[in-house]
Amino acid sequence: MRIGLVCPYSFDVPGGVQFHVRDLAEHLISGGHKVSVLAPADDDTPVPDYLEAAGRAVPVKYNGSVARVNFGPVSATRVWRWLADGDFDVLHIHEPATPSLSLLALWAATGPIVATFHTALLRSRAMRAAQPLLRPSLEKISARIAVSEDARRTLVEHLGGDAVVIPNGVYVDRFACAETDPRWKGTADAPTVAFVGRLDEPRKGLPVLARAIPEVLSRFPGARFLVLGRGDGSEALEDLGPSRSCVELLGPLDDAAKASLLRSVDVYVAPQTGGESFGIVLVEAMSAGAPVLASDLGAFQRVLDGGQLGRLFRVGDPAALAGELVALLSDAGLRTRLSARAGEAVRRYDWSRVAEQVLAVYKTVRDGEDRVGEDPRTRGLLSRWRD
Amino acid sequence: MPDLLGWWSLTAVVLVVIGWYLSYSAARLDRLHHKVESARAALDAQLVRRAAVSLEVAGALDPATGLMLAGAASESLGDGQTVAGIDGDGGAPLEEAENDLTRAIQAAFEDPEHVARLRQNPVTGDVLDALAEACTRVQLARRFHNDAVAQAQRVRRKRVVRWARLAGHAPSPPMIEIDDSLPPGLVT
């Protein structure tokens, strides 16, 4: 099948949607499909050969955070050309409600169009204003996918209609078979705890973890907290005082190092306070066999099967976090049981299973329509711009 | 005099805007109707596929179960009529045929242990996977279809569409309500 994927965010900056699009593209290519990804990227940035660069991305504030996106006539022309050259059987657009390539592609194309909604965090005021503008474009989508029950609910509330839930994918074996690293391996007296996420984004919960640390140290004085992620963590960690030394900032690590970190530690903590739609890192930690302790956000509860596959604590509550963490660190048997159960359940997120479901959607929409084409109405507008 | 000219040009502008909006709305509705048709064609194709795969599976089962499944599948395949033909001519029996096939599939594969045994055989294993996929795709296609119908109905309800009769004589597309649930044994 010839598949066109559109990612609205720049591949220069790491992010959940970008990783998802990259992994999906690579998995589909390995299955013998012909895939082209359209994403923002500078013309001189080195990119994989399946990626079509749509030009420099501009940082704009949208829906509460800064995203690097493309818009304007130059991008629109590139989208149009990519569609014409690609001759796709199916067009798969990610985050179609973002003012970037996705919306442009939706605007310019007709035919079998699949769209994936990733976010569970839509500002309702912005969405209300954008609704009448978006709706006619969104009506062109033949099949809508949401990455989680929470993302689906957001979609239903703000835009109406429904979506099938297909979770984000993970290459489970890359985590399950990663090498452990002696630097990050804990002992009975000095257990290791991992945190993954932006340090200066409070939503990711580093401040909550920081406030729980003193209590954990009173029980495990040798405990080490390994923090993976970019950003400036000094504000979140400033109150720690002398116990600051138990926190090791690893900075941003590549995928392989992240896998061996999660494979080595005794517990992975996810103290996020909101805005999480799925919780891909939880699934990665479960794949790597790290026992998971997470805040009881809806998305996390669903991934952890209500606490069967990992422990939950009340969101934003450092004392509850500390209590659960101490309980987990003092019970090796419980950790082994959680990790074994999670290791089995996590198979359903493996790319082999997830991509199969995505392909079933592609095949279903393709059965009813011809190929992807250019929308004659927008084509007129574009040719005016190009001259 | 200039006043009159101003009024005329204002009227002209308003008329042009109204004209543009009407043609825009008509195109939007037309696109939605087309989408519903495509989604129906897709649903139709999936239903035919499900029936065809059921026939194939029937051959690999014990004669009693096989006969029941084959009977329901051939009812569904019928004489080329399909669910998509429901609207005008009181085609409820066709909808019923699809529900009957769903029930037959459920009856045949209700016991997960039985299904697990069938899966161990490489031949029946493959056709069972094909059946599970066909059933899943019926679910997907029906959901996408009903979503498209809901969007079309929403635009048809708009005042401008009703007053200007933009929908013309095109009948309002109906939702398709059939039972498309999978037996627990087949869920992968």
(request) Tell me, yes or no, whether region A:71-90 has at least one residue that is at pLDDT below 90, assigned by TED's automatic domain parsing to the domain that holds residue A:11, acidic (Asp, Glu) and outside any helix (DSSP H, G or I). (result) no
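Residues are listed down the side, and each one gets a yes or a no for (1) surrounded by 14 or more Cβ atoms within 10 Å (Cβ to Cβ); (2) of a type outside the set (S, T, N, Q); (3) closer than 19 Å to residue A:359 by Cβ; (4) at pLDDT below 85:
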{"position": "B:117", "(1), (2), (3), (4)": "no, yes, no, yes"}
{"position": "B:121", "(1), (2), (3), (4)": "no, no, no, yes"}
{"position": "B:139", "(1), (2), (3), (4)": "yes, no, yes, no"}
{"position": "B:152", "(1), (2), (3), (4)": "yes, yes, no, no"}
{"position": "B:171", "(1), (2), (3), (4)": "no, yes, no, yes"}
{"position": "B:177", "(1), (2), (3), (4)": "no, yes, no, no"}
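Each row is one residue, and each column tells you yes or no for (1) of a type in the set (A, V, I, L, M); (2) outside any loop (DSSP other than H, G, I, E, B); (3) not assigned by TED's automatic domain parsing to the domain that holds residue A:193.
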residue: A:316; (1), (2), (3): no, no, no
residue: A:328; (1), (2), (3): yes, yes, no
residue: A:334; (1), (2), (3): yes, yes, no
residue: A:337; (1), (2), (3): no, yes, no
(message) Looking at (1) surrounded by fewer than 17 Cβ atoms within 10 Å (Cβ to Cβ); (2) under 14 Å from the mean Cα position of the chain (by Cα), which one does residue B:125 not meet, given that it meets all the others?
(response) (2)
(request) Go over the candidates B:43, B:69 one by one and state the one that is in contact (Cβ under 8 Å) with a residue 12 or more places away in the chain, within 14 Å of another protein chain (Cβ to nearest Cβ) and crowded, with 19+ Cβ neighbours inside 10 Å. (result) B:43
(message) Cβ-Cβ under 6 Å, sequence separation 6+ or interchain: first residue in region A:353-377 and at the interface with another protein chain (Cβ under 8 Å from one of its Cβ atoms), partner of a type in the set (Lys, Arg). Which pairs?
(response) A:360/B:137; A:364/B:137
(message) Of all residues being part of a loop (DSSP other than H, G, I, E, B) and touching a strand residue (DSSP E or B) at 6+ places or on another chain (Cβ under 9 Å) in region A:276-296, which is nearest to residue A:326 (Cα to Cα)? Just the residue, please.
(response) A:291
(message) Checking the conditions here, which among A:275, A:368, A:289 is of a type outside the set (Val, Ile, Thr) and at negative phi?
(response) A:368
(request) Look through region B:9-30, keep the residues that are within 27 Å of the chain's Cα centre (by Cα) and among the hydrophobic types (A, V, I, L, M, F, W, C), and return whichever of them is nearest to residue B:156 (Cα to Cα). (result) B:29
(request) Select from region A:362-373 the residues that are touching a helix residue (DSSP H, G or I) at 6+ places or on another chain (Cβ under 6 Å) and among the charged types (D, E, K, R) and write down the one among them that is modelled with the lowest pLDDT. (result) A:369
(request) Could you grab me the full set of residues in region B:141-160 that are more than 18 Å from residue A:138 (Cβ to Cβ) and touching a residue at least 60 places away in the same chain (Cβ under 8 Å)? (result) B:141, B:142, B:160
(request) Output the number of residues of region A:261-276 satisfying the condition of being within 10 Å of residue A:185 (Cβ to Cβ) and in contact with a Pro (Cβ under 9 Å, 6 or more places away or on another chain). (result) 3
(request) Filter region A:309-335 for residues that are farther than 17 Å from residue A:274 by Cα and under 23 Å from the mean Cα position of the chain (by Cα) and give the result. (result) A:309, A:310, A:311
(message) So for region A:320-341 (the condition being closer than 18 Å to residue A:289 by Cβ and within 14 Å of another protein chain (Cβ to nearest Cβ)), does at least one residue qualify?
(response) no
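The values are calculated or read from the model by the stated rules, or taken from the named source; none is laboratory data. Computed from a predicted structure; not experimentally measured. Ideal geometry is used to build each Cβ from the backbone, glycine not excepted, and the neighbour counts take in all protein chains shown.
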